[in-house]
Amino acid sequence: MIRKSTALVFLLAVSTAGQTYSIEGVVTGPEGHPLNEVHMTLIPGWHTTLTDEKGRFVFSALADGDYSLRFQFIGFETKTLDNVAVVNQTVDLGTVRLTVRVLEAMEDVVVTATRSQHREYELPEAVNIVSRREITERNAKTAAEALREEPGIAVQKTNHGGGSAIIRGFSSNQILILVDGIRLNNSTFRLGNHQYLTTVDNQMLERIEVVRGPSSVLYGSDAMGGTINLITRRPVTEGKSAQVHYRALTRFASADQEKTVRAEISLHRDKFAFQSGFSSKSGGDLRRGANSRHSKLENSTNGLMQTPSGFAAHDLDSKLVYELSSLSKIILAYQMSRQQNVPRYDKYENNNYHRWMYRLQKRDLAYLVYDSQIDGRFINSFKATVSSHQQAEGREIQKSIHSSLTREKDDVLTYGFTAQMNGAVSKHQIVFGTEIYNDQVSSTRSTDGEKTESRGRYPDGAAYSSWGLYFQDEIRISSSLTSRVGLRTSNYSANFPLQSEVSDLFSGEQYDQDFKALTGSFTSLLKLNNETFLNLNVAQSFRAPNLSDLAKLGESKGSIYEIPNTQLKPEKVVNYEAGVKLLGSRLRASGSAYYSVISNLIASADALHLGQSTIDLHGATYKIKSKQNTGRAFIRGFEASAHFYLSDYIILRANITSSYGHNSSAGEPVGGIPPMFGLAGIRWNLHRFYADSYIRFAGKQSRLSSDDLDDPRIPEGGTPMWLTINVRGGLEISNSLSMQVALENVTDLNYREHGSGINGPGRNLIISFQWRK
């Protein structure tokens, strides 16, 4: 009987060849307003499309049969229409109304950091999503500080203008940072914690997506601990008539007398939309807490004031969107960031420098995107991006008022091209694409205004390029089991002259080296019921040595002087992970346990120059180190978070993170691992008002590597435990005006986050106003 039915279907298909039909309709909210860019999936076939500005959608070129349609939109309940029958005619579904989620914090946000659109609970990976609402309510100074409350993410600050994320024991250039999907990491990103994350203005962000765990199959080198994708706001095309919207923000913080202003304008008309904004922030020296339990944290240079630590920053962003059709668009964007005179505070407190200043931190990003939804049987979408990304960093260094003043400047210009296609075949959702990046590096160093040295911190004229091809297949094995396999081949090339005033280190020849990698991943998600999901992941990742590893020459943390090492191999990771996600009517929770095996671990280790372990430069003695492959290591840990809804108005939340790392070859801890840390709080929502009270805490970290012991930013004996009490609230005064008030560190505790070069703020009153029209 089954064979006869199959044969009949086949004969009917043949007899009706060339006859295809469509499913169409309009998607609106509960009040009938059309919803633009609702993500829709047609099953079987897994074709996807987005609604246009009028909420309309069309799935065309369909054969007769029964279909299901899934509608997904941020802030609304996911809706599925089953048994939509196409029989010899086009089907008009009329108006499909979506229901608003009552609990906004429960919304299942679409995640693009995995290169495919999914709801959070549909992902086997551990994911953080910081929405625009959360960015606004956290009212942070920088993008790095906006991540402090997330499970699995610690934030280190060497100076007040910096901020570097630590994920699963990996930090700095072992974590990949993206801006709208474009690499922020370049070949000079150092292994020590840095400030590059703060060069992306958090006021222009739509959301921040973080994938915790290796992502090298999709993104290549550096994505060992995780990937952070900073997604900026995009103007929306809407209506035939011209519309103009304004937004203004002002923020004040008492701990450093910070003042931030933001002005923004957006224009919309038919298929055209434009948005531009400017931000300016300035602050004085940061006041630490007065309530101190540890004398080793009381070394600030000016009583409670950490002098100098104040800085100023200016940011500009513009974005143009033009819809070529209902299914395709082009996006042209520009971002500018300038940070002026940012003191590296730890050099003043720990090393008594007269001057150690980031004289200019500069970033300019321009990119063009072509994004198209394709109404095809196998290919559903195509996206291509070309980018130009320039990042410059200047430094002024003077040990004492009588010492020479050294000026350094590094300038990296990165050209990039990426292309990606998404497709669907039967039960397979496929993502494949390519990435190409090329760095051109300029680096200079001068003393007392004279260029007396033959090279800067990096070889002047160095080049670093990469390309990669990736393929990922998501297979829906059954209604409850989905697996994903991925594969990537990558090549990284470094080229620079071997020359330096440290003449014995180099032969005067040209260094030219390729690093190749083939990485794979496997993930699986099992749906036990509508509320419980289990995942199992195995993934490889790697980090190719960059110019900071291979060729850096200059000061590092404390009294360390780094010399080049051109014999490095890529460090590699194999990560094993299991997790659970719970999505109930009152409880939303997740937990992950992981075990990462690292080979060829790159770390800073003692080195010799002319048989000596120290070097005297500019009136000071430095210990010599270089980046070296220090052997095998492992990092294991767990992360857990939960939101519990006591009622529609009261929410309890908590998270906790723990990591443990051991260098098996050196017989010591892996350096830079944060202690156990977490958060617990309670929130009250009431129409136009909310109030939030929470604690942040971290345990003591006394498991230190030999490199940690050489780091003066870590107090002797380790970083003490700490706990801060914080309250905040917000009020929508009118439809266009809102305010936020926060009091951080209510008890005025003196504390330091592990690895930071500056203590956390003391009692800190933060007030901000936002006006929209």
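The set of residues in the stretch 37-65 that are open to solvent by 30 Å² or more (accessible area, probe 1.4 Å) and within 31 Å of the chain's Cα centre (by Cα) comprises Glu37, Leu50, Glu53. Being more than 30 Å from Gln373 (Cβ to Cβ), of a type in the set (Ser, Thr, Tyr), part of a strand (DSSP E or B) and open to solvent by less than 20 Å² (accessible area, probe 1.4 Å) holds for only one residue in Ser337, Ser309, and it is Ser337. Every condition in (1) at pLDDT 95 or above; (2) open to solvent by less than 60 Å² (accessible area, probe 1.4 Å); (3) more than 30 Å from Asn629 (Cβ to Cβ); (4) of a type outside the set (Lys, Arg) is met by Gln701 except one, and the failing one is (3). Restricting the first member to the stretch 465-494 and to residues that are within 20 Å of Ile379 (Cβ to Cβ) and of a type in the set (S, T, N, Q), and the second to residues that are modelled with pLDDT of 95 or more and surrounded by fewer than 16 Cβ atoms within 10 Å (Cβ to Cβ), the beta-carbon pairs closer than 9 Å and six or more apart or on different chains are Gln472/Val485. Among the residues making up the stretch 242-293, those that are under 27 Å from Pro720 (Cα atoms), of a type outside the set (D, E, K, R) and part of a strand (DSSP E or B) are Ala253, Leu286, Asn291. Within the stretch 312-334, the set of residues being small (Gly, Ala, Ser) and loosely packed, with under 15 Cβ neighbours inside 10 Å comprises just one member, Ser325.
In the stretch 220-235, the residues that are closer than 15 Å to Ile129 by Cβ form Cβ pairs under 9 Å with partners that are among the aromatic types (Phe, Trp, Tyr), at six or more places apart or across chains, as follows: Gly226/Phe170; Thr227/Tyr219.
For the stretch 559-605, filtering for residues that are more than 30 Å from the chain's Cα centre (by Cα) and surrounded by fewer than 14 Cβ atoms within 10 Å (Cβ to Cβ) leaves 1.
The residues of the stretch 752-766 that are surrounded by 18 or more Cβ atoms within 10 Å (Cβ to Cβ) and over 26 Å from the mean Cα position of the chain (by Cα), listed by number, are Gly762, Arg763, Asn764. Among the residues making up the stretch 1-36, those that are modelled with pLDDT of 80 or more and either among the polar types (S, T, N, Q) or more than 47 Å from the chain's Cα centre (by Cα) (or both) are Ser22, Thr28. For the stretch 624-649, a tally of residues being farther than 29 Å from Gln540 by Cβ and either among the aliphatic types (A, V, I, L, M) or surrounded by fewer than 16 Cβ atoms within 10 Å (Cβ to Cβ) (or both) returns 7. Checked against the criteria, Arg168 counts as on the phi > 0 side of the Ramachandran plot, in contact (Cβ under 8 Å) with a residue 12 or more places away in the chain and not β-branched (Val, Ile, Thr).
Scanning the stretch 296-306 for residues that are touching a Lys or Arg at 6+ places or on another chain (Cβ under 8 Å) and open to solvent by 50 Å² or more (accessible area, probe 1.4 Å) returns Leu304, Met305.
Taking the options Asn764, Asn759, name whichever one is of a type outside the set (A, V, I, L, M) and either in contact with a helix residue (DSSP H, G or I) (Cβ under 7 Å, 6 or more places away or on another chain) or modelled with pLDDT under 95 (or both).
Unique residue meeting the criteria: Asn759.
Taken as a whole, the condition of being among the small types (Gly, Ala, Ser) and either more than 30 Å from Tyr121 (Cα to Cα) or in a loop (DSSP other than H, G, I, E, B) (or both) does not apply to Ser524. One residue stands out among those in the stretch 354-390 that are outside any strand (DSSP E or B), open to solvent by 50 Å² or more (accessible area, probe 1.4 Å) and not basic (Lys, Arg): the one that is nearest to Asp473 (Cα to Cα), which is Phe378. Under the condition of being at pLDDT 90 or above and under 28 Å from Asn202 (Cα atoms), the residues counted in the stretch 349-371 number 14. None of Glu716, Glu668, Glu744 is more than 28 Å from Leu765 (Cα to Cα) and surrounded by 18 or more Cβ atoms within 10 Å (Cβ to Cβ) except Glu668.
The residue that is surrounded by the fewest Cβ atoms within 10 Å (Cβ to Cβ), among those in the stretch 131-144 that are over 12 Å from the mean Cα position of the chain (by Cα) and under 28 Å from Thr307 (Cα atoms), is Arg138. In the stretch 248-264, is there at least one residue being open to solvent by 10 Å² or more (accessible area, probe 1.4 Å), modelled with pLDDT under 95 and either closer than 25 Å to Ser521 by Cα or not β-branched (Val, Ile, Thr) (or both)? No, every residue in the stretch 248-264 fails to be open to solvent by 10 Å² or more (accessible area, probe 1.4 Å), modelled with pLDDT under 95 and either closer than 25 Å to Ser521 by Cα or not β-branched (Val, Ile, Thr) (or both). For Val244, state whether it is without any contact (Cβ under 8 Å) to a residue 40 or more places away in the chain, within 23 Å of Ser736 (Cβ to Cβ), of a type outside the set (Asp, Glu) and touching a Leu at 6+ places or on another chain (Cβ under 6 Å). When the stated conditions are applied, Val244 passes them. Taken over the stretch 573-596, the criterion of being in contact with a Gly (Cβ under 7 Å, 6 or more places away or on another chain) and not in a strand (DSSP E or B) is satisfied by no residue. Scanning the stretch 270-295 for residues that are of a type in the set (Phe, Trp, Tyr) and either in contact with a Cys (Cβ under 6 Å, 6 or more places away or on another chain) or surrounded by fewer than 15 Cβ atoms within 10 Å (Cβ to Cβ) (or both) returns a single hit, Phe272.
The values are calculated or read from the model by the stated rules, or taken from the named source; none is laboratory data. Source: prediction; values computed, not measured. All Cβ positions, glycine included, derive from the backbone under ideal geometry; neighbour counts span all protein chains shown. All accessible areas refer to the heavy atoms of the entire protein, side chains included, with ligands and DNA or RNA removed. Shrake-Rupley method; radii C 1.70, N 1.55, O 1.52, S 1.80 Å.
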